[in-house]
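Where a number appears in this text, it was derived from the coordinates with a stated rule and is not lab data. Note that this is a predicted model, so its numbers are computed, not measured. Glycine also receives a Cβ, built like all others from the backbone with ideal geometry; neighbour counts cover every protein chain displayed.
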Amino acid sequence: MKSNAMNDNHETSSNIAGKVLVVLATALFAIPLVWMVLTSLKTPEQIANAPYSWWPSPLRWENYREAVSAMPFLRYLVNTLVLCLGSVAGTLFSCTLAAYAFARLRFPGRNLLFAVLIATMLLPWQVTMAPRFLLIRELGLYDSLGALIAPTFLGNAFYIFLLRQFFLTIPQDMIEAARMDGASELGILWRIALPLARPALATVALLQFVAAWNNYGGPLLYLNDPQHFPLAYGLERFVSSHSTQTHLLMAAAVLFTLPIVAAFFLAQRLFLRGIATTGLKG
Amino acid sequence: MSLKRQELIAGLTMTGPWVLGLLTLTLYPFAASLWWSFCEYDLLGQPRWVGGSNYARLARDISTGGQFWQALGNTAYYAVASVLLSVLVGVSLATLLSQTIRGRTLMRTLCFLPAVVPTVAAAVLWMWLLDPQAGLVNKALTTLELPAQNWFRGTSAAAWPTSWPTDAGGRVFGSKDGLVLMSVWGIGNLLVIYLAAIGDVPRALYEAAEIDGASPWRKFLHVTLPMLTPVIFFNVVMGLIQSVQAFTDVYLVSDGQGDPAGATMTVSLYLFLTAFKDLDMGYASAMAWLLFVIVAMATWWLFRTSRKWVHQ
């Protein structure tokens, strides 16, 4: 690619500048996470006292045990898992059905409905927040995880869009052939479309799992009894009552972040596909 | 039964759950909040029609520089600063990460990683990093002989814009800037999109520029940047819509009340508190609708001006 010697020299000096810059920028992005982990292993004295030091000495693993036992961690974790799994089930059920219909069926009003679906993605939550809250309370779901899980059974525009894009790539011939053989649409979805769409389904499941794991606004609005708190919300309660015990706060934050980071490393391709199809939603 | 009829029934059944959700969780609340914005409603009784008085109250607040006006200002500051920085950092960092360099994959992963850190954990972490006394950022600033900043949990001096551009202690930045920093740190999803877009720029364009003797900077300016404008446009529109809706991080760093001294009281937060602390649903609904109209107009304006700068 490089054509002549002069160009080479020219490129080398700016290449070095570019390389130094990229390493510096990466360090700036990584330091907060490193600092979180390092702080989570320090003693409170080391955090409070000068001089400022990077490495925890001694390593205080008890911080983790203390953070966990300072809150009903197991209860929060069980609630979180119920919330995550329930909402993944709801999302897969409702979004798969709608996405298949939008991608593969022709029915009057389909294009109009699809335009409405896209429009709802742009509607700010503030506009629907209050009446939605009241409706969910009327249904008797206030102060239960059901308030957060039930809506996922009624679809989500982003995921429907993502799955529809995937279903569009399935060859129409395969679907027509099955139809000619007398298969029902549900049968086609179940036996042909879903097995082919496994990677897209995994992407949606993963994104929804992470979204439910992180969800803070939902519990803030709908939950009252600590018995029902998921980790995201319970953790914040812990934070406000232990705001001076930085070592425990960081240990709790690391514990809460770790499963998501692990999921990212195990399933990078799925995360990246989600970003590529729906943009910023991740 | 004909195939066509079968397809119709299947289509209606399969979109059924979503249509039910659309009607109950989107369209009904959409209409109800418009209705409530003309009512007085405290959640306990029935909504009582009061005409345009909620909007008149908003107009009065805006004309006298009241709480809503300040919340609008805070939201605008946060939205503009975080969107501009996300474009700037997103484009330049993605360009840097596109170089051929050893450890590139690792560096890309490290820059992306903050995007998957849960907001609650990120907020806890950044409140510690930006602590005015013991935080790492201020320690780094003072080590470099720069003035420490007020950031989170600061005094009322952090309440931009009262102390802007600088106060006596050389403090420029306050709580809102802390929120902006947090949002830029979690820019990973955008990076992925920018990296893909840079990878899609035809090699031939760079080769042509090289034959003309273009420096790397000129190649960036005249090849990469124009080819990225569609993604930048996407970034600006989505960034605007999302930053106006930002809630969790704002709520967490502001102790749920816009601390310090209202510096982090955004429209989202003010609206939430008006609805669920003051139980003033009518006024909150009027705010929501005003916000909706402002965002819709801003988006429309962005689309209109985009013809002038977005590469087709």
Q: Rank these for me by crowding, A:Thr80, A:Thr26, going from fewest to most other beta carbons within 10 Å.
A: A:Thr26, A:Thr80
**Q.** On Cα atoms only, tilt of A:110-121 relative to the major axis of chain A in degrees
**A.** 20 degrees
Q.
I'd like the FRET efficiency for A:Leu24 and B:Ala261, computed as 1/(1 + (r/R0)^6) with the beta carbon distance as r and R0 of 25 Å, rounded to 0.05.
A. 0.10
Q) For the stretch A:5-64, how big is Rg over Rh, using alpha carbon atoms and the Kirkwood form of Rh? A) 1.34
Q) Rounded, prolate or oblate: which one fits chain A, using the alpha carbon gyration tensor with axes a ≥ b ≥ c (rounded when a/c is under 1.5, else prolate when a/b beats b/c, else oblate)? A) oblate
Q | the stretch B:7-110: trypsin sites (Lys or Arg not before Pro) in DSSP loop, at most 10 other beta carbons within 10 Å | A | B:Arg102
(Q) If exposed means no more than 12 neighbouring beta carbons inside 10 Å and the site is in a DSSP loop, what's the longest run of chain A without any exposed chymotrypsin sites (Phe, Trp or Tyr not before Pro)? (A) A:62-282
Q | Value of [θ]222 nm, deg cm²/dmol, for chain B, DSSP H segments ≥ 4, -39500 (n - 2.57) each, nearest 500 | A | -20500 deg cm²/dmol
Q | Placed amide H near B:Phe173: partners under 5 Å, 5+ positions off or other chain | A | B:Asn150
Q) If one computes the Cα centroid of the stretch A:158-204 and of the stretch B:7-39, what distance in Å separates the two points? A) 25 Å
(Q) I'd like the orientation of helix A:198-214 relative to chain A: the angle between its Cα long axis and the longest Cα principal axis, in ° from 0 to 90, rounded to 10. (A) 50 degrees
Q.
Shape verdict for chain B, please, from the Cα gyration tensor: rounded (a/c under 1.5), prolate (a/b greater than b/c) or oblate.
A. oblate
Q) B:Cys39's amide H: which non-local residues (gap 5+, or another chain) put their own amide H closer than 5 Å, with H modeled 1.01 Å from N in plane and none for Pro or chain starts? A) B:Val50
Q. Given the rule -39500 (n - 2.57) for each run of at least 4 DSSP H residues, summed and divided by the residues of chain A, what is its mean residue ellipticity at 222 nm, to the nearest 500 deg cm²/dmol?
A. -22500 deg cm²/dmol
**Q.** Additional length obtainable on full extension of the chain from A:Val34 to A:Met174, 0.36 nm per residue less Cα span
**A.** 45.3 nm
Q. Tell me, what is the FRET efficiency for B:Lys4 and B:Leu302 to the nearest 0.05, using R0 = 35 angstrom and their Cβ-Cβ distance as r?
A. 0.25
Q | the stretch A:69-81 - phi-based ³J(HN,Hα) in whole Hz, Karplus 6.51/-1.76/1.60, Gly and Pro as x | A | 7, 7, 9, x, 4, 4, 4, 4, 5, 4, 4, 4, 5
(Q) So if I place +1 on the C-beta of Lys and Arg and -1 on the C-beta of Asp and Glu, and nothing else carries charge, what would the dipole magnitude of chain B be about its Cα centre? I want it in debye, nearest 20. (A) 720 debye
Q.
Over the stretch A:5-64, what is the relative contact order in percent, taking alpha-carbon pairs closer than 8 angstrom and at least six residues apart?
A. 27 percent
(Q) In whole Hz and in residue order, list the ³J(HN,Hα) couplings for the stretch B:118-130 that follow from phi through the Karplus curve 6.51 cos²θ - 1.76 cosθ + 1.60, θ = phi - 60°; x for Gly and Pro. (A) x, 3, 4, 5, 4, 5, 4, 5, 6, 5, 7, 4, 9
(Q) Rounded, prolate or oblate, given the Cα gyration tensor of the protein assembly as shown, with a/c below 1.5 counting as rounded? (A) rounded
